[in-house]
Structure formats: C-alpha cells, structure tokens
Amino acid sequence: MEEIFLFCDGGSLKNPGPAGIGVLIKYKKGNEWQKKEYKKFIGHATNNQAEYQAVIFGLEKIKEIFGKKKIKSFFVKVFTDSKLLCNQMTGKWKILKKELQPLFLKLWNLKIDFGKVEFIFQKREN
C-alpha cells in the first residue's frame, strides 16, 4: 500500500471569523519525495470548521492528483493539530456541534475512497 502524508491546518480570526486553510501533501515518486502545498481563504468559519475543511480539501486534492482508481491503494496519514477532529473521526468523541455534522459526514464519505486513512494528532508546535 502506497503511503501519502497529509499535513493540514485551519484557523480563523476571532473564532468565528475570516478563516483559511493550509495543506502539505508529501509522497514518493520513484525514489524521490515530492510535495505539493496549498493554501486557501475559506470565508467565515470557526477554527473547528476550518480544521475539517483543511482535511477535506487535502484528501480531495490527493484524489484529483492521482485519480479515484489509484487512491484505493493509498494509505493516507493525516497529521493535524485538531484533537477534536482526530477524536471525532476515530469515534472517540461525539459530534455535538450541529455545524460540524455535515463536515464530519463529508470527510467520512471521502475517506472511504482511499485504501486506508489514519488521523494523527500532532501538537501545534510540531
């Protein structure tokens, strides 16, 4: 199974407020590591909404780059500083905020397209 590393972050000013996301996709092509970086203004959102949107955006970019058929064999390791997102996506925490429920469902359905997706909490300073 081919490994892809997806580093994601999202945030907003004043929470909620103007928000943006950043994504780094790292993968091996032959013996060389390749990387693609993206950033995007997403409008008005909370920090948690921005975190979800960053992961969704990153997985959609991987799907766009490699195609739906090939990603079935990918093991994507998603690194995020959102403990909430990690714990919700692994079933440890419930989704209590109504505004996160559609984002959770979108991400849940998107991850099904991949061979395996693992959510890894990484402290912000890392």
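Observations on the model:
- Computed from the C-beta positions of R124 and E64, the FRET efficiency with R₀ = 35 Å rounds to 0.80.
- Mean residue ellipticity, 222 nm, helices only, the chain: the sum of -39500 (n - 2.57) across DSSP H runs of n ≥ 4, divided by residue count and rounded to 500, is -9500 deg cm²/dmol.
- For the chain, size of Cβ-based charge dipole, Lys and Arg +1, Asp and Glu -1, in debye: 220 debye
- FRET efficiency for the pair W33 and K98, taken as 1/(1 + (r/R0)^6) with r the Cβ-Cβ distance and R0 = 41 Å, rounds to 0.55.
- The candidates L24, L96, arranged from most to least accessible area with a 1.4 Å probe in the full protein assembly, appear as L96, L24.
- Surface composition of the chain: carbon plus sulfur atoms hold 51% of the accessible area, using a 1.4 angstrom probe and ignoring ligands, DNA and RNA.
- At R0 = 30 Å, FRET efficiency that the Cβ-Cβ distance of K14 and W108 yields, to 0.05: 0.55
- Within the stretch 77-111: backbone nitrogen closer than 18 Å to the F41 label point (7 Å, Cα to C-beta): none
- Candidate aspartates and glutamates for bridging to K29, where Cα separation is under 14 Å - those fewer than 8 sequence places away on the same chain excluded: E2, E3
- Loop-resident trypsin sites (Lys or Arg not before Pro) (DSSP state other than H, G, I, E or B) in the stretch 50-126 with no more than 11 further Cβ atoms inside 10 Å of their Cβ: K68, K69, K92, K94, K123, R124.
- Kirkwood hydrodynamic radius (C-alpha pairs) into Stokes-Einstein, the stretch 13-107, 10 °C and 1.306 mPa s, D in µm²/s: 109 µm²/s
The values are calculated or read from the model by the stated rules, or taken from the named source; none is laboratory data. Remember, it's a predicted structure, so these values are computed and weren't measured experimentally. Heads up, the Cβs are rebuilt from the backbone with ideal geometry, glycines too, and the neighbour counts pull from every protein chain shown. For accessibility, only protein heavy atoms count, side chains too; no ligands or nucleic acids. Shrake-Rupley method; radii C 1.70, N 1.55, O 1.52, S 1.80 Å.
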